[in-house]
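Structure first, commentary second.
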Amino acid sequence: MSEVLQIVRQVLDSQPFSVLLGARISAVESKAISIELPVRAELLQQHGFVHGGVLSYLADNALTFAGGLALGSKIVTSEYKINYVRPAVGELLVARAGVVYAGSRQAVCRCDVFVQQNGTEKLVATAQGTISTQAD
């Protein structure tokens, strides 16, 4: 799995927006992935919570990477839905996504986004999406 982890990290590192945010792949399994993002002041909204767009980015990217593990590299997000369940206040965001179902052209994936603070982890958002192969 270390070869897959290396490839997935290279793909993430080739995304300028992911580099700008500071995202990193922390784990890869056969049909699951974890992406981490350290929380910093530039990612907060006016109330001091991590901005919802940052949580949405993490969910979308984790869903797509999970779908890619099942479908291959030429994929896109067809759709996703996200529910924010509590404000994200903490030190580190962790998005964990896996494949719920995969066919030959699309995969339905689920992602939970957590925030870690002082050694505890809390769910802050959950998402589900459809990842599809790109048309030629």
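Starting from the coordinates of the alpha-carbon atoms of the stretch 2-133, obtain the Kirkwood hydrodynamic radius over all distinct pairs and give the value in Å to one decimal.
After inverting the pairwise mean of 1/r, the radius is 14.6 Å.
Under 20 Å between alpha carbons, and skipping anything fewer than 8 positions from Lys122 in its own chain: which lysines qualify?
Lys81
For Asp13 and Glu79 in the same chain, what is the full-extension length gain: residue separation times 0.36 nm, less their Cα-Cα distance, in nm?
21.4 nm
So, in nm, how far is label Ala135 from label Arg86 when the simple model puts each one 7 Å beyond its Cα toward the Cβ?
Going by the 7 Å Cα→Cβ label model, 4.3 nm.
Can you pull the Rg over Rh of the stretch 1-70, Cα-only, Kirkwood?
On the Cα set of the stretch 1-70, Rg over Rh gives 1.01.
If I fit a long axis through the Cα atoms of helix 2-13 and take the longest principal axis of the Cα atoms of the chain, what angle between them do I get, 0 to 90°, rounded to 10?
In the chain, helix 2-13 runs at an angle near 60 degrees to the longest axis.
Charges only on Cβ, +1 for Lys and Arg, -1 for Asp and Glu: so what's the dipole of the chain about the Cα centre, in debye to the nearest 20?
Once rounded to the nearest 20, the dipole reads 200 debye.
Values in this text are rule-based calculations from the coordinates and carry no lab data. Quick caveat, the model's predicted, so the values are computed rather than measured. Positions of Cβ are backbone-derived with ideal geometry, glycine not excepted, and every protein chain shown enters the neighbour counts.
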